[in-house]
Structures are given as C-alpha cells and as structure tokens.
Amino acid sequence: MTSISFKRHRFPPEIIQNSVWLYARFTLSFRDVEDVLAERGIDVSNETVRRWFLKFGRLIAGNLRRSGPRASTRWHLDEMVVKIRGRRYWLWRAVDDEGEVLDFLVQPRRCAKSARRLLRKLLKKQGYAPTRITTDKLKSYVVAIREEGLSAVHDQGLRANNRAENSHQPVRRRERKQQRFKSPGSAQRFLSIHAAVYNAFYVQRHLLSRRIFKVFRAETLAVWNQSWLAA
C-alpha cells in the first residue's frame with residue numbers, strides 16, 4: 001500500500017479519514033458532512049472537507065483497489081447518460097457478475113470508438129481477458145469486441161444485463177445529490193474514488209445472515225483503516 005502522510009494538517013488523521021469516509025460511503029454533500037462533524041464538536045468547513053476528499057480520497061481509493069480480491073472474468077458493460085453543464089455525455093461502465101465496479105469512462109459520444117476505449121482500459125487495468133461479456137444490443141460493443149480480438153462469449157440476451165443496469169443506481173443518487181457533475185474530469189475523479197469505496201463495502205445483504213454480515217463489516221472496516229494509516 002502507498003503510505004499516506006498527514007503532515008502539516010491541523011486536524012488529526014482520524015478526523016480527516018472519517019470525513020472522507022462519510023462523503024464517499026454515504027449519499028451526503030460536503031455541507032452534510034460539515035454538520036455531522038459539528039454535531040460531534042468538530043468545527044470544519046465544507047470547503048475543508050472538499051479539499052480533504054480530493055487530496056486523500058484518491059490515495060485511499062488506490063490502496064483499497066490494491067488490497068481487494070481479483071474480480072470475476074464475467075463482465076457486464078453498459079452506458080448511461082449524464083448531463084454536464086447542459087451537454088450530454090455518456091458514462092461507460094463495467095461491473096463483474098457479482099456487482100463489483102471494474103472501471104468506467106466518461107465520453108462525449110456513444111460509439112464503437114468509445115466502447116473500444118473502455119475495453120482497452122479494462123484489459124490494461126485488470127491484466128486478463130474476460131470469459132464472458134454481457135451487454136445490451138448496442139452494436140458498438142460488437143465492433144469493439146471484434147476489433148480487440150477477444151474470444152469471450154458475448155451475451156446480448158433479454159434482461160441479461162440487469163446487473164450493469166442496477167449498478168447505475170448509486171451513481172444516479174450521487175449525481176442528484178451533487179446537482180449534476182460540474183465537468184467530465186471532476187466526474188471521472190469523483191467516480192474513481194466512489195467506486196473503490198463502494199466495492200469495499202458492497203455486499204448482497206439479502207443473501208447473508210446477520211452473524212455473517214457482522215463479520216464481513218468488521219473485516220471491511222479493518223481493511224479501510226489499514227488503507228489510510230500514515231507513514
């Protein structure tokens with residue numbers, strides 16, 4: 001893991017870590033986090049919370065990704081529309097069959113070139129080729145898979161891609177809370193951090209008993225605490 005230094009910061013690392021965790025883990029605004037901290041007797045402005053998130057969120061997210069298990073070889077690809085400053089962009093996303101976010105890409109167009117960029121980014125980041133790719137019936141995916149020379153089974157069946165469709169819901173909630181993303185770059189930065197934290201705490205709660213869920217939560221919080229410890 002990358003060592004994170006909190007030198008020259010007036011507040012203890014525990015407060016900074018808790019602020020980043022609150023904003024990334026829950027659907028809160030920076031002002032909401034400010035109010036939560038104020039209730040605990042901590043006087044921090046929303047602008048300070050924003051700067052903490054941008055500075056330390058990326059480092060913590062990188063540590064979480066490196067400490068996480070290897071993703072499944074069955075990928076689900078999908079795209080959703082996001083409006084940024086009145087202009088329509090496409091958020092291309094990839095998740096595995098267990099709902100873990102693999103990667104995403106904000107692009108101005110919904111075309112084969114954008115789909116191929118997503119696939120290239122996925123292959124480079126994951127380091128292995130998938131055995132099955134599930135998409136909707138967008139022809140851009142067919143072209144991108146063929147041009148990348150992938151031999152994975154391509155599934156475009158009815159409702160086969162519900163896993164990817166459902167994975168858009170957390171992003172939509174954050175988009176509404178932020179009153180839309182401000183730029184493609186800021187959307188990419190925020191979603192990169194959000195995806196890492198989401199993967200760390202994501203669990204199909206309805207499939208677990210209370211006892212097993214408590215063990216999972218304790219282990220996840222332990223991993224989170226290890227990801228931000230200062231050098």
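Read-outs throughout are calculated quantities, based only on the coordinates presented, and are distinct from any laboratory measurement. What you see is a predicted model, and the numbers here were worked out from it, not measured in a lab. Ideal geometry is used to build each Cβ from the backbone, glycine not excepted, and the neighbour counts take in all protein chains shown.
Miscellaneous remarks
- Relative exposure of His154, His76, judged by other C-beta atoms within 10 Å (fewest first): His154, His76
- When each of Arg40, Arg8 is scored by the number of other beta-carbon atoms lying within 10 Å, the sequence from fewest to most is Arg8, Arg40.
- Zero-based 5 Å bins, Cα pair distances in the range 77-121, whole percents: 5, 24, 31, 20, 14, 5, 1
- With the convex hull drawn around the C-alpha atoms of the range 1-81, the volume per residue stands at 129 Å³.
- In degrees, nearest ten, helix 13-25 long axis to first principal axis of the chain (Cα): 40 degrees
- Measuring nothing but alpha carbons in the range 113-185 and taking Rh as the Kirkwood radius, the Rg to Rh ratio lands at 1.03.
- A straight line joining the Cα centroids of the range 80-150 and the range 166-224 runs 20 Å.
- Gaussian network model of the chain, springs between alpha carbon atoms under 10 Å - residue of Glu100, Glu175, Glu39 with greatest fluctuation: Glu39
- Shape box of the range 91-229 [Cα atoms, principal axes, largest first, Å]: 45, 35, 29
- Here's the list of lysines a cross-link from Lys55 could span, going by alpha-carbon distance under 29 Å and ignoring same-chain residues fewer than 8 apart: Lys7, Lys83, Lys121, Lys124, Lys125, Lys177, Lys182.
- Listed by Cβ neighbour count within 10 Å, with the fewest neighbours leading, Trp90, Trp228 appear as Trp90, Trp228.
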